[in-house]
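All remarks here apply to the structure that follows.
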Amino acid sequence: MEDCCDFIQWLGVDMSMQILMCLDNPTDLVRVSAVSTAWRHFVIMNGLSKQLCIRMFPEVSSIAHVVELHDRIEPLQIRYETPMDWPCLERENRVYALLARGFTSFVRKDCLLEAIVASSTDNYPQESIHNTLEPGDRVDQRASYWSSEGAVDPSVPETLVYKLTANLCVITEIHIHPFQAYFQFGFPIYSAKAVRFRLGHLKPAYEFGNDTKNKPSPALRFINENVVWTYTSPSFPMAHESCLQTFKLPEPALCIGGYMQIELLGRVQKQEMDEKYYICVCHVQVVGRPLSPAFDVDIIDPRGKCTLKYYPDADYCCSPVKSEGEASSSPSRFRSFTASIRGWEQMILNTLLGGGVVVGNDDDSDDDDAVGIV
C-alpha cells in the first residue's frame, strides 16, 4: 500500500480536472467525493458540481449566489459568505449536486400555470388566451379557443405569453392544438404556418398586476418592455390539421424565470365572411420538469444574474412517483444513468448531500419518446 499513489496528487490539479470533468453523471461525482477526504476536498474546492450543471445547461452560469433556506418565510436580508469560505463551498457543492440530479431524472409534466396575454384577440374575453388552458375545444357546450384579430397580410405573426409552474423549469417539448371552426362552412382550420418558442424572465422588481386578465393591451406592453428572453428555439412547421401537435426542442431547455412565449409565424386560413386571415388555438401544453418546491430563483439584475434558493425541507423528490397519464424522459444532452443508486450508495449520497432530499430511481423510465400529457 505504501507504493500506491493518489492520481490527483500525482497528476496535479489541471490534469485531474480534465479527467474528472469528463464525468457527466452527478452520481459519479458523489462517488468520487466518497473515495477519500482528499478527493472530496478536491471536488468541493474546484466546484465540479457547478461545472457539471453548466455543461448540462449553460444558463446555470447566470447564477451569482446560492442560498439555503429552511423556511418558506424568507429573511429580510440574505447574507452571503466570502466565496472562499469552506462552509459556503460545501453548501454550493451540495446544492449544485442536487440540482444536477434534478436535471437528469424527472417525470414529464405539463408546466403551464396561467395564460398571461396574447398579442391580439378578436373577441375579448370570449376568445381569450385563457381558453387555451382547457384540454378540449368545447366547454359547457360552447366553443373554447383563442382567436387572433383578422389580418389582410397572411405574414402577420402573433404571440402568446404564459407563466410556467415554477421559476426554474426544464422544458422538453410544447404541444399546440389549432382550432377547427366546426360552426363555419367547410370546417376551416386556423393554424399557423410555423411556430417558435422563447423562454425568459422578468426584469428585477417587476410583477404583474391583478387586472392583467381584463387589460391585455397594457399587459402586452409590459411584456415587451420588461421580459428578457434568454432562449429562442428554431422554427417548427405547423401542420394544417386539427390535432394536438408536438414540437420537441432539439435539446431540453432550462427556463430561469418562468415565462414562455409562443410565436405563431404566418397565417394559413382566410375567413370567408370578411376575407381576412386568422390564427386560432384551442389548447397548449408545455411538457417538462418544474424543479420546485426545492429550488427557486430570484433575478437580481437586468442582465439575468440570479440567486439560486434551495429549500432542503421541501417535500421534493428528484424522481417522484409517476401519476397516471405521465411518462418519464431523459434529456438527450447527456447519457442516461447506467446504474441506479441502491444500498450503501444511497446512504453515501444522503450523507454527503444531506437528508432533505430523497433521490429516486429511474430504472423504469427508459422511454424517451413517450408523450407526457396530463
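The values are calculated or read from the model by the stated rules, or taken from the named source; none is laboratory data. What you are looking at is a predicted structure, and each value in this text was computed from that prediction instead of being measured. Because the Cβ atoms are built from the backbone with ideal geometry, glycine has one as well, and the counts that use them run over all protein chains shown.
A few notes on this one:
- Qualifying residue in segment 106-117 (condition: assigned to a loop (DSSP other than H, G, I, E, B), farther than 30 Å from PRO302 by Cα and either in the same structural domain as SER61 (by TED's automatic domain parsing) or within 17 Å of the chain's Cα centre (by Cα) (or both)): yes
- Of all residues in segment 263-288, those satisfying the criterion of being assigned to a loop (DSSP other than H, G, I, E, B) and of a type outside the set (D, E, K, R) are VAL268, MET273, ILE279.
- Every condition in (1) of a type outside the set (Gly, Ala, Ser); (2) surrounded by 15 or more Cβ atoms within 10 Å (Cβ to Cβ); (3) in contact with a Lys or Arg (Cβ under 8 Å, 6 or more places away or on another chain); (4) over 30 Å from VAL30 (Cα atoms) holds for GLU114 except the one numbered (2).
- Residue ID - surrounded by the fewest Cβ atoms within 10 Å (Cβ to Cβ), chosen from residues in segment 223-246 that are under 15 Å from the mean Cα position of the chain (by Cα) and aromatic (Phe, Trp, Tyr): TRP229
- Within segment 118-148, the residues that satisfy the criterion of being under 25 Å from the mean Cα position of the chain (by Cα) and hydrophobic (A, V, I, L, M, F, W, C) are ALA118, ILE129, LEU133, TRP146.
- A Cβ distance below 6 Å, combined with a sequence gap of six or more or placement on separate chains, defines the contacts here; from segment 165-179, residues that are assigned by TED's automatic domain parsing to the domain that holds LEU99 reach no residue that is assigned to a strand (DSSP E or B) and surrounded by fewer than 24 Cβ atoms within 10 Å (Cβ to Cβ).
- Among the candidates ARG72, ARG101, residue that is more than 20 Å from ALA253 (Cβ to Cβ), among the basic types (Lys, Arg) and either part of a strand (DSSP E or B) or at pLDDT below 90 (or both): ARG72
- Set ARG94, ARG101: member being outside the structural domain of SER191 (by TED's automatic domain parsing), touching a residue at least 60 places away in the same chain (Cβ under 8 Å) and buried (at least 24 other Cβ atoms within 10 Å of the Cβ): ARG101
- A residue that is outside any strand (DSSP E or B) and not small (Gly, Ala, Ser) cannot be found anywhere in segment 246-262.
- When we screen VAL297, VAL284 for residues that are hydrophobic (A, V, I, L, M, F, W, C), under 22 Å from the mean Cα position of the chain (by Cα) and over 25 Å from SER61 (Cβ atoms), the only hit is VAL284.
- Counting the residues of segment 147-158 that are buried (at least 20 other Cβ atoms within 10 Å of the Cβ) and either farther than 16 Å from TYR190 by Cβ or touching a Phe, Trp or Tyr at 6+ places or on another chain (Cβ under 8 Å) (or both) gives 2.
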